[in-house]
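**Q** Let me give you the structure first, and then I'll get to my questions.
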Amino acid sequence: SIYGKVVMATDQNSLNNNTPQLSINVMPVGVIMATIGDGTSTQRQPLGIYYGYERDATIYTADQIGTVGLVTGIQWYCATAATAAVPFKVYMKTTPETAHTAVTWDTMVADATQVLQTTFTFSQTGWNYFTFDTPFVYTGTNLMVLTETYYGGSGTTSPYFRYTTGATGCHQYWYADTNPPTGNGTLNTNRPNVGITLTSVS
């Protein structure tokens with residue numbers, strides 16, 4: 001189904017607080033929110049800062065997304081809040097693969113498109129929505145969402161995010177203190193819950 005939860009609000013700030021918002025399970029003309037994952041287990045990924053430099057890559061299948069279009073924003077569910085500001089970047093790319101091969105972060109991100117760079121403090125629990133600086137044209141196949149945080153040094157207390165157990169190898173992560181990680185990533189099944197906003201293009 002291409003029907004998804006549509007969160008209606010006037011701006012990004014109102015999406016990032018606990019003010020009640022209108023949520024309806026319909027598809028407005030040309031816009032959907034593809035919400036993937038309903039698990040309540042938690043992990044630092046995709047935006048951890050326990051280590052100074054953390055990286056994350058997750059594959060979401062075309063069937064999970066349900067449609068094609070211009071990806072204009074993304075949201076993650078913060079389960080445990082923290083007080084430190086998280087500097088991060090988001091990248092996207094498509095892939096025919098449903099599982100990762102363990103590679104370095106530099107290899108993983110080399111052919112990806114950066115869609116967002118920002119800093120945000122996850123001081124409240126719940127969904128936190130981010131509008132992209134550069135929309136991503138999604139034409140099908142599987143979508144890979146890549147994130148990198150760069151708090152620096154040895155990191156600090158990190159927010160935690162909800163995830164859902166997915167297919168083997170659907171998730172890969174890297175981390176290091178002092179300098180960005182250089183080795184191959186670690187594979188697991190902990191796919192972060194996500195909401196992806198798509199707008200149809202003619």
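**Q** Using a probe of 1.4 angstrom, how much of the accessible area of the chain is carbon and sulfur, in percent?
**A** Working: 4550 of 9190 Å².
Taking all protein chains in place, the chain shows 50 percent carbon and sulfur surface.
**Q** Could you tell me how many cubic angstrom of Cα convex hull volume region 135-175 has per residue? Let's see the in-between values first.
**A** Details: hull volume 5.4 nm³, N = 41.
Expressed per residue, the convex hull around the Cα atoms of region 135-175 is 132 Å³.
**Q** So for the chain, averaging the separation of alpha carbon pairs under 8 Å that are six or more residues apart and normalising by length, what relative contact order in percent results?
**A** 36
**Q** Compute the distance in nm between two label points, each set 7 Å from the Cα along the Cα-to-Cβ direction, one at A84 and one at T199.
**A** Spacing of the two 7 Å Cα→Cβ label points: 3.5 nm.
**Q** For region 102-149, how big is Rg over Rh, using alpha carbon atoms and the Kirkwood form of Rh?
**A** Reported Rg/Rh, Kirkwood definition of Rh: 1.00.
**Q** How much mean residue ellipticity at 222 nm does the chain get from its helices, if each DSSP H run of length 4 or more adds -39500 (n - 2.57) and you divide by all residues, to the nearest 500 deg cm²/dmol?
**A** -1000 deg cm²/dmol
**Q** Could you report region 41-95's accessible area per residue, 1.4 Å probe, as an integer in Å²?
**A** Averaged over the residues of region 41-95, the accessible area is 29 Å².
**Q** Of the options F122, F88, Y173, report the single residue whose Cα projects farthest towards the positive end of the charge dipole of region 66-202 (beta-carbon charges: Lys, Arg +1; Asp, Glu -1).
**A** Of the candidates, F122 comes out farthest on the positive side.
**Q** Points 7 angstrom from Cα along the Cβ direction at D133 and D38: gap in nanometres?
**A** 3.6
**Q** What does the convex hull of the alpha-carbon atoms of region 86-202 project to on average, in nm²?
**A** 8.0
**Q** I've got another one for you. In the full protein assembly as shown, how much of S200 is accessible to a 1.4 Å probe, in Å² to the nearest 10?
**A** Here the accessible area works out near 70 Å².
**Q** Moving on to the next point. Determine the dipole magnitude for the chain: charges of +1 sit on the beta-carbon of Lys and Arg, -1 on that of Asp and Glu, nothing else is charged, the reference point is the Cα centre, and the result goes in debye to the nearest 20.
**A** For this selection, approximately 260 debye.
**Q** In addition: When you take every Cα atom in the chain, what is the radius of gyration, and what is Dmax, the widest Cα pair distance, in Å?
**A** For the chain, the Cα-based Rg and Dmax read 15.9, 47 Å.
**Q** Take the eigenvalues of the Cα gyration tensor for region 64-133, scale each by 5, and report the square roots as semi-axes in whole Å, largest first.
**A** Taking √(5λ) for each eigenvalue gives 24, 16, 13 Å, largest first.
The values are calculated or read from the model by the stated rules, or taken from the named source; none is laboratory data. On a predicted model such as this, the values are computed, not experimentally measured, just so you know. Neighbour counts are summed over all protein chains in view; Cβ atoms, including those assigned to glycine, are modelled from backbone coordinates with ideal geometry. The protein model used for the area step is the full one, side chains on, heavy atoms only, and it has no ligands, DNA or RNA in it. Shrake-Rupley method; radii C 1.70, N 1.55, O 1.52, S 1.80 Å.
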